[in-house]
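*Asks:* A single structure is presented below for examination.
The values are calculated or read from the model by the stated rules, or taken from the named source; none is laboratory data. These figures come from a predicted structure and were not determined experimentally. All Cβ positions, glycine included, derive from the backbone under ideal geometry; neighbour counts span all protein chains shown.
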Amino acid sequence: MYLPFEQMPDHSRVWVYQANRSFSAAEIQAIQDYLVPSLSQWAAHGAGLNASFEIRFQQVIVIAVDETINAASGCSIDASTRWFKEMGASLGIDFFDRSTAVVEGNELTLLPMTALKNNPALTPSQQVIPLQTESLGTYRSGWLQRADTTWLQRYFA
C-alpha cells in the first residue's frame, strides 16, 4: 500500500536510486504517476507492502518500506528494480549510474568513478549521497555524509 512519505516509520528499509541527470518538471510528474500505483500494488509473496518514495535534488529517488508489516522479498526487490529500468528506458534516464553525487546546497555534481582520484571537485569535507542508507530514520537525521567518512576516504592523503 502506498503511504505518504512522512507517514513512514523511521525503522523502514531504504533504497536510493540516483539518476545520471536532473529531472524536468514533466519527468517528475511521470515518475510520480508511475511510482504511486506501482508502490500501491507492491507485494512480497502476495502480501502487500507499506511503501513510499521521495524525490530529492530533482535527481534522487528514495524508496522506503515498512518491513514490520511485511518484509520485502527477493522477488519484490527485483520488481522495484524493473520499475527503475522501465522508467529509465521511457524517460532516457540511467538510474543505475554509480557516479558519486557531491552536494553543494541544493545542487548535485556527479563525478564518474573514473574521475575521483586527484579530483579537485572532491574534498574530504564535502557532502556526498550514500547509495546505501541504514534506515529511514538515518536518512531523516542527516543521510548525507562527509566524503572522508565514506569509502571515498582512500582518495584523500
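*Asks:* What are the pairs with Cβ atoms under 9 angstrom where one residue, in region 102-117, is within 15 Å of Y155 (Cβ to Cβ) and the other, located anywhere, is part of a loop (DSSP other than H, G, I, E, B) and of a type in the set (K, R)? Sequence gap at least six, or different chains.
*Replies:* Qualifying pairs under 9 Å: P112/R98; M113/R98.
*Asks:* Would you mention how many residues in region 50-74 are more than 13 Å from the chain's Cα centre (by Cα) and either within 18 Å of P9 (Cα to Cα) or of a type in the set (S, T, N, Q) (or both)?
*Replies:* Adding up the residues that qualify gives 10.
*Asks:* Is there a residue being outside the structural domain of L144 (by TED's automatic domain parsing), over 16 Å from the mean Cα position of the chain (by Cα) and either over 18 Å from E134 (Cα atoms) or of a type in the set (K, R) (or both) anywhere in region 8-22?
*Replies:* Checked region 8-22: no residue is outside the structural domain of L144 (by TED's automatic domain parsing), over 16 Å from the mean Cα position of the chain (by Cα) and either over 18 Å from E134 (Cα atoms) or of a type in the set (K, R) (or both).
*Asks:* In region 23-49, which residue that is part of a loop (DSSP other than H, G, I, E, B) and at pLDDT 95 or above is surrounded by the most Cβ atoms within 10 Å (Cβ to Cβ)?
*Replies:* Per the criteria, the residue is F23.
Okay, residues lined up against (1) more than 19 Å from S52 (Cβ to Cβ); (2) within 14 Å of the chain's Cα centre (by Cα); (3) in contact (Cβ under 8 Å) with a residue 12 or more places away in the chain:
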position	(1), (2), (3)
T81	no, yes, no
S90	yes, no, yes
F96	yes, yes, yes
S99	yes, yes, yes
E134	no, yes, yes
W143	no, yes, yes
D148	yes, no, yes
L152	yes, no, yes
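*Asks:* Considering every residue within region 106-117, establish whether at least one is under 26 Å from S52 (Cβ atoms) and surrounded by 15 or more Cβ atoms within 10 Å (Cβ to Cβ).
*Replies:* Yes: region 106-117 contains one or more residues that are under 26 Å from S52 (Cβ atoms) and surrounded by 15 or more Cβ atoms within 10 Å (Cβ to Cβ).
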